[in-house]
Amino acid sequence: VQLQASGGGLVQAGGSLRLSCAVSGRTFSSYVMGWFRQAPGKEREFVAAIRQSGVLRYYADSVRGRFSISRDNTKNTVVLQMNSLKPEDTAVYYCAADRNSGSVQSAVEYDYWGQGTLVTVSS
């Protein structure tokens, strides 16, 4: 299974970005999909996750109301729409796939990871 994240870039505070993650293989619909981020000098942290059907979605408190996660099981993609961006959202963003539907906020539960895409929010 390979995950390819894209969509990062430089944006001013208050702006928006849309991250996409394309997943190879035929079992995408069986994975919980998550987004994590890691800022310089900080640990990787949970951002958002979505369960297999797309109905149940989870967000970190820091992004709830500003970010939205969605998935398209026909296209093997998961999207993170990020609005009202803040400088503190600056980080490398990673998409990840979990085969076993564990704790969606725990990075150790995820089995596959993308390479990361850099998001920089200027003040």
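Numbers for the structure displayed
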{"quantity": "Residue among Ser101, Ser106, Ser123 that is in contact with a Pro (Cβ under 8 Å, 6 or more places away or on another chain) and either open to solvent by 40 Å² or more (accessible area, probe 1.4 Å) or closer than 28 Å to Arg26 by Cα (or both)", "calculated": "Ser123"}
{"quantity": "Test: residue in the stretch 96-116 that is under 15 Å from Gly7 (Cα atoms) and assigned to a strand (DSSP E or B)", "calculated": "no"}
{"quantity": "Residues of the stretch 78-91 classified as open to solvent by less than 40 Å² (accessible area, probe 1.4 Å) and assigned to a strand (DSSP E or B), total", "calculated": "5"}
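For every residue, the table says whether it meets (1) touching a helix residue (DSSP H, G or I) at 6+ places or on another chain (Cβ under 8 Å); (2) over 20 Å from Arg44 (Cα atoms).
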| site | (1), (2) |
| --- | --- |
| Asn83 | no, yes |
| Asp89 | no, no |
| Cys95 | no, no |
| Asp98 | yes, no |
| Val108 | no, no |
| Asp111 | no, no |
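The values are calculated or read from the model by the stated rules, or taken from the named source; none is laboratory data. Here the structure is a predicted model, which means the values were calculated and not measured. A quick note on method: Cβ atoms are made from the backbone with ideal geometry, for glycine too, and the neighbour counts reach across all protein chains shown. Surface accessibility is based on the protein's heavy atoms, side chains included, excluding ligands, DNA and RNA. Shrake-Rupley method; radii C 1.70, N 1.55, O 1.52, S 1.80 Å.
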